[in-house]
Amino acid sequence: MNDPRVDRMAKVLVHYSNHIEKGDRVLIEAEPGAEPLVRACFREVLLAGGHPHLLISLAGQTTFTGIDDIFLQYATEAQLDYPATFYELTYKEFESRIRIQSVSNSKLLMGADKVKLARRSKAIGGVTRTQFERGAANQFKWMTTLFPTHAYAQDTGMSLEEFERFVFSACHVQDPDEDSVAYWLGVKAEQTQIVERLAGHDRVEVKSKDCELRFSMKDRIFKSAHGENNMPDGEVYTGPVESSVEGRVRFSFPGVYQGNEVDGVELVFKQGQVVEATAKRNQEFLEAKLNTDQGARYLGEFAIGLNYGVKAFSKNILFDEKFGGTIHMALGAGYPEVGSKNESAIHWDMVCDMREDAEIRVDGELFYKDGKVVD
């Protein structure tokens, strides 16, 4: 029996988020566990006049990277360094891609060789670079979302049914009477006002018990994220001037990346670069990611989470970075559309709580306090 929430979500992804038009070639990436949503998206792409192409990974295999426990155990050095050729071709040629995260085992890579993981990430970095560059040029429509699985539910301490409600509610497709597109257009309108307030400014100062950071956004812009590249969504983001970041940050929540959970991450920045990095757990993985390439030690993104409907930390960055009352920063690749020049094979978001005794000042003026943008 079809879940009507899945059908509603597919309609939003295809017709609102990706704006699929007649003739668009659409790559749909997923694991087998996402089959209900894959089928629904396949149908909606056809109804929109597009050409859907399915790329279904093995269960447990990370989409587009090909990384799983088998690959890391048996791949030779040449195979680790081999680019993701098919993905590179489609990302350069197609008009759109929809990625549906749907892992069956979120801990599969927890014990993986950290050096091999970093090496593989570097080899496939061109795929992400193409995605960001063509996306910024409005030549490539990309969307990342999630389909509920037992693995995700276990990570959040929920039953599968509870996690389904969590996901579909955050995407605003849980209630059959809600106009999901109208909701996301409303988010766009509200966040556009915030972005306009930030336009033309320079110095940003962030202060809380866990963060004392400053950077320049001169000649950079903030953009609103309102359900076109991620679902769910709800943030405004920019790319700091690469050499301008100064200060320290201790992230409030574990940093989760490639199935590895890193607790208590603390970073110190000087002239934009991470010069000190410590973690209470999984220090080796943190260091391996920072050593991926030169850009991995610089911030590619700074963002403010504005989705106050996300009320629990889920250990999934698709939700956690949108958490209302938080900020997040990404080590590595930045988004060209906001002016970022940072390039890297990684893009690792980490989240900092700003709901108590916290503020953001822009050119000396109070802009944000205790989890909310001030009027």
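The values are calculated or read from the model by the stated rules, or taken from the named source; none is laboratory data. Everything numeric in this text was worked out from a predicted model, so none of it was measured. So basically every Cβ, Gly included, is an ideal-geometry build from the backbone, and we count neighbours across all protein chains shown.
Tabulated data for the structure shown
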item	result
Tally of residues being surrounded by fewer than 20 Cβ atoms within 10 Å (Cβ to Cβ) and either assigned to a strand (DSSP E or B) or touching a residue at least 60 places away in the same chain (Cβ under 8 Å) (or both) across the stretch 275-286	6
Test: residue in the stretch 142-164 that is more than 18 Å from the chain's Cα centre (by Cα) and of a type in the set (F, W, Y)	yes
Verdict on G309 being outside the structural domain of H150 (by TED's automatic domain parsing), at pLDDT below 95, farther than 16 Å from I194 by Cβ and part of a loop (DSSP other than H, G, I, E, B)	yes
Tabulated pairs, the stretch 261-272, first closer than 13 Å to M329 by Cβ, second of a type in the set (G, A, S) and surrounded by fewer than 16 Cβ atoms within 10 Å (Cβ to Cβ), C-beta under 9 angstrom, 6+ apart or interchain	G272/S243
Condition broken by G135, with the remaining ones in (1) closer than 25 Å to R220 by Cβ; (2) without any contact (Cβ under 8 Å) to a residue 40 or more places away in the chain satisfied	(2)
Test: residue in the stretch 207-222 that is out of contact with any Leu (no Cβ under 8 Å at 6 or more places or on another chain), surrounded by fewer than 17 Cβ atoms within 10 Å (Cβ to Cβ) and among the polar types (S, T, N, Q)	no
Candidates A123, A136, A84 - the one that is surrounded by fewer than 17 Cβ atoms within 10 Å (Cβ to Cβ) and aliphatic (A, V, I, L, M)	A136
Only listed residue being without any contact (Cβ under 8 Å) to a residue 12 or more places away in the chain and of a type in the set (G, A, S), chosen from G111, G23	G111
Checklist (1) in contact with a strand residue (DSSP E or B) (Cβ under 8 Å, 6 or more places away or on another chain); (2) under 19 Å from F323 (Cβ atoms); (3) of a type outside the set (D, E, K, R); (4) assigned to a helix (DSSP H, G or I) applied to T192, failing item	(2)
Any chance W142 is more than 24 Å from E343 (Cβ to Cβ), aromatic (F, W, Y), buried (at least 18 other Cβ atoms within 10 Å of the Cβ) and at pLDDT 95 or above	no
Members of the stretch 324-375 that are among the small types (G, A, S) and either farther than 30 Å from V127 by Cβ or surrounded by fewer than 23 Cβ atoms within 10 Å (Cβ to Cβ) (or both)	G324, G325, G339, A358, G364, G371
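Conditions tested, residue by residue: (1) part of a loop (DSSP other than H, G, I, E, B); (2) within 24 Å of R129 (Cα to Cα); (3) basic (K, R); (4) assigned by TED's automatic domain parsing to the domain that holds D24.
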| site | (1), (2), (3), (4) |
| --- | --- |
| L72 | no, yes, no, yes |
| A78 | no, yes, no, yes |
| L89 | no, yes, no, yes |
| K92 | no, yes, yes, yes |
| I100 | no, yes, no, yes |
| N105 | yes, no, no, yes |
| M110 | yes, no, no, yes |
